[in-house]
Amino acid sequence: MDKPLDILIAGGGIGGLTAALALHAKGHRVTVCEATPELKPLGVGINLLPHAVAVLDTLGLLPALRAMAVETSALVFANRHGQEIYRDPRGLDGGYSHPQLSIHRGQLQLKLWDEALARLGAERMHTGERLLGARMVGSQVFAQFQHADGSSGERRADVLIGADGIHSALRRQFYPDEGAPRWNGMMMWRGTSIAKPFLDGRTMVQAGHRLAKFVVYPIAPPAADGTQLINWICDRRLREDGIGGGLSAPSREDWSKPGQLADLLPTFGSWHFPWLDVPGLIQNATQLLEWPMVDRDPLPRWRHGRITLLGDAAHPMYPIGSNGATQAILDAQCLAEQLSVPQSVEAALDAYEAERLPMCAKIVEMNRQEGLDAILDLVEQRAPAGFAQLQDVIDPGEIDTLVRHYKAAAGHRQQR
Ligand SMILES: Cc1cc2nc3c(=O)[nH]c(=O)nc-3n(C[C@H](O)[C@H](O)[C@H](O)COP(=O)(O)OP(=O)(O)OC[C@H]3O[C@@H](n4cnc5c(N)ncnc54)[C@H](O)[C@@H]3O)c2cc1C
């Protein structure tokens, strides 16, 4: 690119803000328009895989993130009795160049927003501006917005990036017949509780099987009183769809929808692990949200003229394997790289898409096949009451093969 571009980003979530910082670092003039009138630390926990943390490190954010997050030491698979099936060392403990970070999604978003405010300037960061649609006139993009007070406006740019999440307005403009996200019959209740650390205080655990699964990991360093903010997710399969998410979710996907403990206790109320009292933890929830497990079919293309998509707007996927935020961050880095080498804007957007679309489509597909959760199902089928010796139930080599296959396809860069 021979001159700085005016780049407009619709959506100030994890993907849009990382793109803003990465594009700004390449010398472009970036403007962010976020629909929410006032940013609040919404959401619960997410995981950033080491290759996404490496991107945030190049943006100078690692020390601040380390102070807010937990450096995950391992991902442990367990049965519904809490017995360990497989332990996959993560981050620095797993031989990666960077830590894997378990972090509060809303606090991460606010941190990225504050950084973008400081680096781009307040005049380029707008809240309460909801993108409605966009049109191209020659090589210019004109984007229409609705403001929080109901008024409307238009912004001009050389490039428009739709980072506006799973209900993306731009995606709907280009694919008007796509309809609602596809549901696989699984409902997720996401909560946080303040509790004593479990295991080493840095482990993420997935326990159970395809009908009921409990995922738990800490998302903040221990407080002075020794307690820790712990994120947990109760997954219950409410309907069977076969595999591929052909169902319509019971209500519109909304990250703020409160959940009810009464929906969880009949299933998880008896899950007392030797190292964690699951019902005790969920009954102490400080926050509980309900979210259906949805995704969308991969798109044939993301670029339309000088407009493209990024993150969940481009490739919403089931939150399996810690890929939602990670892949959005990798999109941001790739887009910034392509928009900084000498080539036309269209060629840069095509190169970005050629690198990112097939990989994300593959992850969507792998997650529909349950990702690494297939390990849990195998053990549940073979030993529903638990096991005395794991090797009587499953060959550790079988697990290794599954794990290696998934991680290679999801772009893990483990150095040993
Ligand atoms: C409020 C909220 C809470 C979440 N909580 C969790 C969680 O607890 N755990 C988890 O794993 N994932 C959570 N997610 C999803 C997760 O952040 C994403 O899957 C992932 O980080 C990819 O990020 P993204 O930037 O593509 O999308 P998102 O993080 O969804 O960001 C999209 C942004 O675009 C904004 N937006 C939407 N429509 C428009 C529009 N028309 N114009 C302008 N802006 C628009 C949204 O307000 C949002 O800020 C949450 C998302 C949101 C929006």
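The values are calculated or read from the model by the stated rules, or taken from the named source; none is laboratory data. Fair warning: this is a prediction, and the values are worked out from it, not measured in the lab. When we count neighbours, we look across all protein chains shown, and the Cβ atoms used for this are built from the backbone with ideal geometry, even at glycine.
Points to keep in mind about this one:
- Test result for Met188, within 18 Å of Pro292 (Cβ to Cβ) and either in a loop (DSSP other than H, G, I, E, B) or of a type in the set (A, V, I, L, M) (or both): yes
- Scanning region 148-177 for residues that are farther than 18 Å from Gly15 by Cβ and modelled with pLDDT of 95 or more gives Ser151, Ser152, Gly153, Glu154, Arg155, Arg156, Asp158, Gln173, Tyr175, Pro176, Asp177.
- Residue tally, condition crowded, with 18+ Cβ neighbours inside 10 Å and of a type in the set (S, T, N, Q), over region 84-106: 2
- Only one of the numbered conditions (1) modelled with pLDDT of 95 or more; (2) in a strand (DSSP E or B) is not met by Pro292, and that is (1).
- Selection status of Thr36, closer than 19 Å to Gln107 by Cβ, touching a residue at least 12 places away in the same chain (Cβ under 8 Å) and of a type in the set (S, T, N, Q): yes
- Residues satisfying the stated conditions in region 116-161, i.e. among the hydrophobic types (A, V, I, L, M, F, W, C) and free of Cβ contacts under 8 Å to residues at least 40 places away in the same chain: Leu117, Ala118, Ala122, Leu132, Val137, Phe142
- Conditions (1) assigned to a helix (DSSP H, G or I); (2) of a type outside the set (Val, Ile, Thr); (3) surrounded by 20 or more Cβ atoms within 10 Å (Cβ to Cβ): number failed by Leu75: (1)
- Residues (surrounded by 22 or more Cβ atoms within 10 Å (Cβ to Cβ) and either more than 13 Å from the ligand (Cβ to nearest atom) or closer than 14 Å to Val294 by Cα (or both)) located in region 164-181: Gly165
- Restricting attention to region 84-114 and to residues that are more than 20 Å from Gly201 (Cβ to Cβ) and assigned to a loop (DSSP other than H, G, I, E, B), the residue that is nearest to the ligand (Cβ to nearest atom) turns out to be Ser97.
- From the options Thr401, Thr326, residue that is within 23 Å of Leu75 (Cα to Cα) and surrounded by fewer than 16 Cβ atoms within 10 Å (Cβ to Cβ): Thr401
- Selection within region 257-298: residues that are surrounded by 14 or more Cβ atoms within 10 Å (Cβ to Cβ) and charged (D, E, K, R). The member of this set that is farthest from Ile230 (Cα to Cα) is Asp297.
- Of all residues in region 319-332, those that are in contact (Cβ under 8 Å) with a residue 24 or more places away in the chain and within 9 Å of the ligand (Cβ to nearest atom) have Cβ atoms under 9 Å from Cβ atoms of residues that are of a type in the set (Lys, Arg) and in a helix (DSSP H, G or I), 6 or more apart or on another chain, in Ala325/Arg105; Gln327/Arg356; Asp331/Arg356.
- Odd one out for Asn184, checked against (1) surrounded by fewer than 16 Cβ atoms within 10 Å (Cβ to Cβ); (2) more than 10 Å from the ligand (Cβ to nearest atom); (3) of a type outside the set (Asp, Glu): (1)
- Just one of the listed residues (Glu380, Glu365, Glu355) is at pLDDT 95 or above and not in a strand (DSSP E or B), and it is Glu355.
- Test result for Leu131, more than 16 Å from the ligand (Cβ to nearest atom) and in contact with a strand residue (DSSP E or B) (Cβ under 8 Å, 6 or more places away or on another chain): no
- Residues that are within 15 Å of the ligand (Cβ to nearest atom) and farther than 27 Å from Thr286 by Cβ number at least 1 in the following strands (runs of 3 or more DSSP E) confined to region 1-71: 6-10, 29-33.
- Considering the conditions (1) under 30 Å from Ala347 (Cα atoms); (2) over 23 Å from the mean Cα position of the chain (by Cα); (3) crowded, with 16+ Cβ neighbours inside 10 Å; (4) away from the ligand (no atom under 11 Å from the Cβ), Met136 is excluded by exactly one of them, (3).
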